[in-house]
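The structure is given below, and queries will be raised subsequently.
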Amino acid sequence: MQFASIRTKIIEEFRKRLFFVSIIVIAMFGIFFFQLVNLQIIQGKEYSEKSRMNMENNIPIPASRGEIYDRNFAPDKQNMVLATNRPSFNIIVIPARYQEKQTLYYAIKNVCALLKLPYDEIIADIQSNNPYNRYIIQEDVPFDIVVTIATNQDKFPNIMWEDAPVRVYPFANMFSHVLGYIGSLTKDEYNTYKDVGYKYYQKIGKAGIERQYDSTLRGVDGYVRRIVDAKNRTEGEEIGQHPKPGYNIILTIDYDVQKTAYTALGDNRGSVIVMKPATGEILSLVSKPDYDPNLIISKNNAKIITQLNNDKNKPFLNRTIQSRYPPASTFKLVTAIAALEEEKWNPNVTLYCPGKYTLKGYVDRDFYCYQAHGSVNLLWAIAKSCSVYFYQLGLKLGPTTIFNYAGYLGLAEPSGIDIPGEITGFIPSKKWKLKTFGQPWFDGDTVNLSIGQGFMLVTPMGMMDFISAIVNSGVVFKPHLVKEIRSNDNSSIVSVVVPEKLREIPLSPTTLETIKQGMRMAVVSGTAARLGYLKVQMCGKTGTAQTRSKRQEDASQHAWFVGFGPYDAEPEKVVAIVVMVEYGVAGAATAVPVAEQVFSTLIKKGYF
């Protein structure tokens, strides 16, 4: 019995100890489980950021953007480079690497003194960003700055540098509206594009070709793996991944034609477009005022951007595709086409022009021509730009027919050009006027419409499509600025842009020939006679658009010229031009001289 009692006590003691051990084991597992939940859920975000910080030891090597060349590129010769890159360095910091803020402030203060940067602004900017992200203190610093920082780490703790190619536009303003420029990603842009591979520190195209073809040009970044010790001091570096440069782009633009158009436009506000109608290849695209993209590609460009945005002359505005104007007398070609296609008019019929037309009504109203032309038929009315002739022709057609043909000819349709920001022209209607002004459509409105005044608005690119339809017997090809895409070493062609038909407008050959003859007569002995001496037979139509408000200067009218040449050539050999000069007095005075210089260059280069 005594033995049984002792055994019972031993078993009871063992159970107590087992229970105690079990409690300890369960508690330990509970602690482990709690810590697991703490690491994965409660503090997961914090540790994820710390993990990212460790990954930041892989310092990115930005890829070089692809170069951009003019249309005359050839692999075996020295080419005209319109956009390229040069080597440089960025000075960067990762704020989370500092255990004490005072050390960060000390380092930034020394860097700002070295680089002559505003300390308070830099600190405020750093504090507003994620501390685990790389912060670029200054872009495009010279090598001697890097040497100074590298050899004085006691003054610049954890201040780093990276190779960073800088975009260069050798011809500055001349191609600004074609090429655009690049800049740092904004927060909105990053949120939009991060899912397709963009990183917060990268550059992105902001306008023009740089924006439209950003994914083609930007390449793939590499990285340097930096080996650090326990105190985060760099012990060595190795290439983790080499950057892959972007593809190169060959434009349809001809440098010489672009330079001529740019120079010819001078200090005027306006635009010039030169294009091959048979393919849609743009040989020149100029818009003024312009800007120097080299000045606004750096990180610290806010003041320059603000100045350009506030400039009353709107240098960022690409007037070739983003401005609308009354087409003025260039629209007489539309009125003429409508009359001929509707078979409501014989081009040989003559009308008398005494210098004005009196519209009879409740109150008679006079509409003027710039001179008395006497008796003219349709061809001479086009050549001499006789408004009185077209006043009467427009009244005979009626506004609805003119509206319809303006739309039919694509004047309110986008061209689809391969740069962003294009707007379309505007064709009014009776319903629109009633809704907008609370007034019906009057005969006086039709008189104005017939010569491209009043409410009708077009873009220069829209007029280029219209002229292309005349050249191509009604076929319009999509305008484009890119000819082909090549590998970064130019050894192979990645893709070639094939002409794309935008629309086809069935027009009578007789109608087209009549219009061309009238435009040819304008050059021979009409408003564009200044072009008559050229060795190649050119065709053209001038226009002088009245503006809705009068400037302080005497010149208060816009000047147009649209034309093409040679007159009797197949479409494949024809080049067309559209010139628009804001407040240019008259088409013959300022727009035609621009066209004259461009045509002369085209002749010298053998385009005809």
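Here's a check for you: in the stretch 478-511, which residue that is polar (S, T, N, Q), touching a residue at least 24 places away in the same chain (Cβ under 8 Å) and not in a loop (DSSP other than H, G, I, E, B) is nearest to A406 (Cα to Cα)?
So the residue we want is T511.
Does Y247 count as in the same structural domain as G205 (by TED's automatic domain parsing) and of a type in the set (S, T, Y)?
Judged against the criteria, Y247 is a match.
Moving on. Restricted to the stretch 426-454, and to residues that are within 33 Å of the chain's Cα centre (by Cα) and surrounded by fewer than 17 Cβ atoms within 10 Å (Cβ to Cβ), which residue is nearest to M580 (Cα to Cα)?
Among residues in the stretch 426-454 that are within 33 Å of the chain's Cα centre (by Cα) and surrounded by fewer than 17 Cβ atoms within 10 Å (Cβ to Cβ), the one nearest to M580 (Cα to Cα) is F426.
Would you check which residues across the stretch 51-107 are of a type in the set (G, A, S), loosely packed, with under 14 Cβ neighbours inside 10 Å and at pLDDT 90 or above and list them?
Once the filter is applied, which keeps residues that are of a type in the set (G, A, S), loosely packed, with under 14 Cβ neighbours inside 10 Å and at pLDDT 90 or above, the stretch 51-107 yields only A74.
With respect to A172, determine if the residue is surrounded by fewer than 18 Cβ atoms within 10 Å (Cβ to Cβ) and under 16 Å from the mean Cα position of the chain (by Cα).
yes
To continue, here is another question. Scanning the stretch 112-169 for residues that are over 19 Å from Y223 (Cβ atoms) and among the hydroxyl-bearing types (S, T, Y), which turns out surrounded by the most Cβ atoms within 10 Å (Cβ to Cβ)?
Y169
How about the stretch 155-182: which of its residues are modelled with pLDDT of 85 or more and under 28 Å from I239 (Cβ atoms)?
Once the filter is applied, which keeps residues that are modelled with pLDDT of 85 or more and under 28 Å from I239 (Cβ atoms), the stretch 155-182 yields F156, P157, N158, I159, M160, W161, P165, V166, R167, V168, I182.
Taking the conditions exactly as written (in contact (Cβ under 8 Å) with a residue 24 or more places away in the chain and assigned to a strand (DSSP E or B)), does G518 satisfy them or not?
no
Among the residues of the stretch 344-357, write down those that are surrounded by 11 or more Cβ atoms within 10 Å (Cβ to Cβ) and over 14 Å from K396 (Cβ atoms).
T350, Y352, C353, P354, G355, K356
Right, next: Looking at the stretch 286-297, can you tell me whether even one residue there is under 27 Å from S385 (Cα atoms), under 41 Å from the mean Cα position of the chain (by Cα) and not basic (K, R)?
Yes, the stretch 286-297 has at least one match.
Scan the stretch 180-220 residue by residue and report those that are in a loop (DSSP other than H, G, I, E, B) and among the β-branched types (V, I, T).
Residue satisfying the conditions is T186 alone.
Here is a further query. Could you grab me the full set of residues in the stretch 276-316 that are crowded, with 19+ Cβ neighbours inside 10 Å and outside any loop (DSSP other than H, G, I, E, B)?
K276, E281, I282, L283, S284, L285, V286, S287, K288, P293 - these are the residues of the stretch 276-316 that are crowded, with 19+ Cβ neighbours inside 10 Å and outside any loop (DSSP other than H, G, I, E, B).
Taking the stretch 346-384, which residues are part of a strand (DSSP E or B), within 22 Å of V334 (Cα to Cα) and among the basic types (K, R)?
K356
Looking at A328, A338, which is the one that is over 21 Å from A372 (Cα atoms) and touching a residue at least 60 places away in the same chain (Cβ under 8 Å)?
One residue alone meets the criteria, A338.
Oh, and also: Only one residue in I122, I136, I92 is part of a helix (DSSP H, G or I) and in the same structural domain as I149 (by TED's automatic domain parsing). Which one?
Selected residue: I122, the only one of I122, I136, I92 that is part of a helix (DSSP H, G or I) and in the same structural domain as I149 (by TED's automatic domain parsing).
Here is a follow-up. Looking only at the stretch 529-548, which residues are outside any strand (DSSP E or B), within 32 Å of the chain's Cα centre (by Cα) and at pLDDT 95 or above?
Residue satisfying the conditions is M538 alone.
Looking at V575, V594, V579, V598 in this structure, which one is touching a Lys or Arg at 6+ places or on another chain (Cβ under 7 Å), closer than 21 Å to V524 by Cβ and surrounded by 23 or more Cβ atoms within 10 Å (Cβ to Cβ)?
Just one listed residue meets the conditions, V575.
If you go through the stretch 318-343 one residue at a time, how many are among the polar types (S, T, N, Q) and within 12 Å of L393 (Cα to Cα)?
The qualifying residues number 1.
Give all pairs with beta carbons closer than 8 Å in which a residue from the stretch 399-418 that is touching a residue at least 24 places away in the same chain (Cβ under 8 Å) meets a residue that is of a type in the set (F, W, Y) and surrounded by fewer than 17 Cβ atoms within 10 Å (Cβ to Cβ); count only pairs at least 6 apart in sequence or on separate chains.
A412/F426
Within the stretch 226-245, work out how many residues are in contact with a strand residue (DSSP E or B) (Cβ under 7 Å, 6 or more places away or on another chain) and either among the hydroxyl-bearing types (S, T, Y) or modelled with pLDDT of 75 or more (or both).
Residues flagged as in contact with a strand residue (DSSP E or B) (Cβ under 7 Å, 6 or more places away or on another chain) and either among the hydroxyl-bearing types (S, T, Y) or modelled with pLDDT of 75 or more (or both) within the stretch 226-245 amount to 6.
The values are calculated or read from the model by the stated rules, or taken from the named source; none is laboratory data. Remember, it's a predicted structure, so these values are computed and weren't measured experimentally. FYI the Cβ positions are ideal-geometry reconstructions off the backbone, even for glycines, and counts take in every protein chain you see.
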